[in-house]
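The values are calculated or read from the model by the stated rules, or taken from the named source; none is laboratory data. Source: prediction; values computed, not measured. For neighbour counting, all protein chains shown are included, and Cβ atoms are generated from backbone atoms with ideal geometry for every residue, glycine included. We work out accessible area using only protein heavy atoms, side chains counted, and drop any ligands, DNA or RNA first. Shrake-Rupley method; radii C 1.70, N 1.55, O 1.52, S 1.80 Å.
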Amino acid sequence: MTLRRAWNAVRVLTSYYLTRLIGVPVQWGMPISISIEPTTACNLRCPECPSGLRAFSRPTGNVRADFFRRIVDELSRDTYSLYFYFQGEPYIHPEFFDMVRYAHERGLFTATSTNGHFLDAERARRTVESGLDRLIVSVDGLTQETYERYRVGGHLARVVQGIRELAYWKRRLRSRRPHVIVQFLVFRHNESQINAFRRSALGWGANEIRLKSAQVYDYQHGNPLIPEQERYARYVRQPNGTWAPRHALANRCWRLWHASVITWDGIVVPCCFDKDAQHRLGDLKTAPFRDIWHGAAYRQFRQRLLRGRKEIDICSNCSEGCRVWV
């Protein structure tokens, strides 16, 4: 944190609460947090993921490293954190470690999320050496059979060994980074393994464990992935037999004020729920980020949200206000 970043955060927070008070979008700051998509490619075929389903209608590819550096150079004075994910598996990008180090050297808090299949000894070492601050590794089952029900094509033993490699290289290099979070997406088929997961993950070398409620697309008529235990589900059965998100959608969204998402090819979208980049607010190949962030398209989208969030398709299954971590 720097004085300039702290002042920017104050401006963003003030803008957000003033907007809620007067009902008109105000934005005085720059984003506190940015997500940049390294790649749309993935080695797995998870059934609720556009990358896994190979279901994108938008172009797919890898972010160019020089383009990435240009974005970081523009934003790093005001922005506090940079997340190396949106869709895809970040470790597939051939220059992933170089990009992390570049952001780290400019004082940004860096984080990413991975399915863990690329954490062999060399990549685990390079992860620690890159300066990455936080790494989320998804492990959604404690047996191969349970794990691959969602992580289709995945190998649980390889992921667990990767977590152990990270712990080893952190000890060997005497580094506290990255803070390793082992995450468990709770589904109906794995909820019986939650207690065993809590015990196991710390033994692998995790710094923290998280249970996360899972987002599913086709929830209105029920879905076999929705957990039986209500406290782990984002959705609840309605009196008429249909299902709906557990939390009502208020006509406001903190994400639209403090964060932004950039696709691999420079398209700016409102948030991580716009997985196919249908709501394009600008293109960094033709305009600087500041102009897009304070431009007409962003203002109009924020105003639409204030008028009626339920009318925006990507908001209908959003976790804003929902207890995602359980």
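Sequence-ordered 3J(HN,Hα) estimates for region 254-259 from the Karplus curve with 6.51, -1.76 and 1.60 and θ = phi - 60° stand at 4, 4, 6, 9, 10, 9 Hz, glycine and proline given as x. One quarter of the surface of the convex hull around the alpha-carbon atoms of the chain equals 16.5 nm², the direction-averaged projected area. Shape analysis of region 178-326 places it in the oblate category; the axes a ≥ b ≥ c from the Cα gyration tensor give an a/c of at least 1.5, with a/b not above b/c.
Give me D for region 13-79 in µm² s⁻¹, whole number, from Stokes-Einstein with Rh from the Kirkwood sum over alpha-carbon pairs, 10 °C and 1.306 mPa s. Reported coefficient: 105 µm²/s. Taken about its Cα centre, the chain carries a charge dipole of roughly 880 debye when the Cβ of each Lys and Arg holds +1 and the Cβ of each Asp and Glu holds -1. Less than 5 angstrom separates the built amide H of TYR235 from those of ARG246, all sequence-distant by 5 or more or on a different chain. Every helix of 4 or more DSSP H residues in the chain counts as -39500 (n - 2.57), and over all residues that averages to -10000 deg cm²/dmol at 222 nm.
For ARG164 and ASP66, a Förster radius of 35 Å and the Cβ-Cβ distance give a FRET efficiency of 0.50, rounded to the nearest 0.05. Sparsely packed loop sites in region 198-233 (the GluC sites (Glu not before Pro) outside DSSP H, G, I, E and B with at most 11 other Cβ atoms within 10 Å) comprise GLU228. Computed over protein heavy atoms with a 1.4 Å probe, the carbon and sulfur contribution to the accessible area of region 4-46 reaches 65%.
Relative contact order of region 195-305: 13 percent, from C-alpha pairs under 8 Å at least 6 residues apart in sequence.
With all protein chains kept in place, the per residue accessible area of region 22-122 amounts to 38 square angstrom at a probe of 1.4 angstrom. Report, as a whole number in µm² per second, the diffusion coefficient that Stokes-Einstein gives for region 257-307 at 37 °C and 0.692 mPa s using the Kirkwood radius over alpha carbon pairs. Estimated diffusion coefficient is 297 µm²/s.
Given R0 = 30 Å, the distance between the Cβ atoms of GLU145 and SER175 translates into a calculated FRET efficiency of 0.30.
Taken about its Cα centre, region 88-160 carries a charge dipole of roughly 100 debye when the Cβ of each Lys and Arg holds +1 and the Cβ of each Asp and Glu holds -1. So the label point goes 7 Å from the Cα of GLU74 along Cα→C-beta, right? Which residues of region 270-295 then have their backbone N under 14 Å from it? Only 281-295 fall inside the zone, counting backbone N under 14 Å. Using the Cβ-Cβ distance between LEU21 and LEU53 with R0 set to 56 Å, the FRET efficiency works out to roughly 0.85.
Accessible surface of region 170-326, 1.4 Å probe: 47 percent of it comes from carbon and sulfur atoms. Taking only the Cα atoms of region 36-169, the radius of gyration and Dmax are 15.2, 47 Å. In terms of the mean number of neighbouring beta-carbon atoms within 10 Å, the peptides 38-49, 53-64 order highest first as 38-49, 53-64. Since only ASN62, GLY23, SER138 are under comparison, the one whose Cα sits farthest along the positive direction of the charge dipole of the chain, derived from C-beta charges on Lys, Arg, Asp and Glu, is GLY23. Computed from phi, the 3J(HN,Hα) profile of region 265-271 under the Karplus parametrisation 6.51, -1.76, 1.60 (θ = phi - 60°) reads 9, x, 7, 8, 10, x, 6 Hz, with x in place of Gly and Pro. The charge dipole of region 161-310, taken about the Cα centre with unit charges on the Cβ atoms of Lys, Arg (+1) and Asp, Glu (-1), comes to about 640 debye, rounded to the nearest 20.
Highest mean first, the peptides 68-74, 238-244 sorted by other C-beta atoms within 10 Å per residue fall in the order 68-74, 238-244. Taking every alpha-carbon pair under 8 Å whose residues sit at least 6 apart, the chain reaches a relative contact order of 18 percent. Computed across region 107-201, the Kirkwood radius stands at 13.7 Å (inverse of mean 1/r, all Cα pairs).
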